[in-house]
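Every number in this text was worked out from the coordinates using simple rules, so none of it is lab data. Note that the structure is a prediction, hence the values are computed from the model and not measured. Here the Cβ is made from the backbone with ideal geometry for all residues, glycine too, and neighbour counts use every protein chain on show.
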Ligand SMILES: C[S@@+](CC[C@H](N)C(=O)[O-])C[C@H]1O[C@@H](n2cnc3c(N)ncnc32)[C@H](O)[C@@H]1O
């Protein structure tokens, strides 16, 4: 049903030679094999031997993801699974990294040329310092992280992310890697048909995958993508121009932006929060509240918090914390985000979690002739352990800033 294997080309995208394409295809297929063949084996391994062994040792059954992990790490099947997963992740980046390096001068030149064709702004402040939680390690094992710059006008980690994340998601975020943005946009269209934001801010935009759908839906709006990674926003600006979108990008910290109070009607983020920190998250919420105009909306899209899933699924997802250089992945999912939003200035009654069905699944179902309702249902299934994105749609934390402060009794 889905054609998940063809990333849409655009002028800024690195082109793969036949050998590079073969390596990339292998890395993606290896990852697919692990997900479809090794991962399902973890459940019976846990049920038939790990849980029993744990009970024998502790005189009680495993209670939470930490107990499950304690048992599983001793098991040879899990050890093989975790090792294969890590190898697949490293191979994936490696298969793209060499390709980006080979053509870096041309990629930089193309990005410069594309950026020069648009009136949209690109702001890279002199001496900008990205936060340590982004630079201290290569998040999800991506060589160089989001911020490394090795030459003038460097865009290499942006290019690496664009191609690499397509392989990482095995195409499930759509040909333009934009399923998160597209899903939230569809959600807004459906739930708030009269909402017409004048200005939109996408926090932690990386290369603008999720940012562009907002410009598509709201062509009159002034759209900004911000990120702490300079090469990312440089690449994002060129990519958007090459795809025909006038979207502004800036290297900026979402904890403390330079936008005036009340500048935006819509502030969004997509899988940003789990890559920040316990100190940064409250600041990001407070900043979103500050830059929102009365009547505006804040929407953060990510995977669900742990309390919305069973302990075994939590354990599977938390492997990202342990084996994929994602130190905040698990801790973020344990945080009370509704309370955080409240502390940032939103009223508790104006904050909620919801699911935005995956646009790519909805589209595929509609193409097969399903009704609108049935398509939404197909796109919004129960979350399944280990799935990157398919299943459950995107969990969205939604907060509304009222036009006027409510009277406190
Ligand atoms: C997983 S990526 C986000 C993907 C992107 N939103 C998308 O939908 O394709 C996380 C991004 O957040 C950025 N980031 C982390 N902390 C940030 C902060 N405080 N302010 C702005 N960007 C930040 C990282 O540099 C990285 O590019």
*asked:* Under a crude label model (7 Å from the Cα following the beta-carbon direction), how far is residue 307 from residue 80 in nanometres?
replied: 3.9
*Ranked 74, 362, criterion: other C-beta atoms within 10 Å, fewest first*: 74, 362
_FRET efficiency estimate (nearest 0.05) - Cβ-Cβ, residue 6 to residue 116, R0 30 angstrom_ = 0.55
_Per-residue counts of other Cβ atoms within 10 Å, averaged by peptide: what ranking do you get for 325-337, 84-96, highest first?_
84-96, 325-337
*Among 51-63, 205-217, 262-274, what's the highest-first ranking by average C-beta atoms within 10 angstrom per residue?*
205-217, 262-274, 51-63
*For the chain, what is Rg from Cα atoms divided by 2.2 N^0.38 Å, rounded to two decimals?*
0.98
*Can you give the Rg to Rh ratio of the stretch 33-190, both from alpha-carbon atoms, with Rh computed by the Kirkwood formula?*
1.10
*Output the antiparallel fraction of DSSP beta bridges having both residues in the chain, as a percent to the nearest 5.*
40
*Relative exposure of 142, 180, judged by other C-beta atoms within 10 Å (fewest first)*: 142, 180
*What is the list of residues in the stretch 306-333 whose amide nitrogen lies under 16 Å from a point 7 angstrom out from the Cα of residue 52, following Cα to Cβ?*
none
*Using the beta-carbon distance between residue 404 and residue 33 and R0 = 35 Å, what value does 1/(1 + (r/R0)^6) give for FRET efficiency, to the nearest 0.05?*
0.05
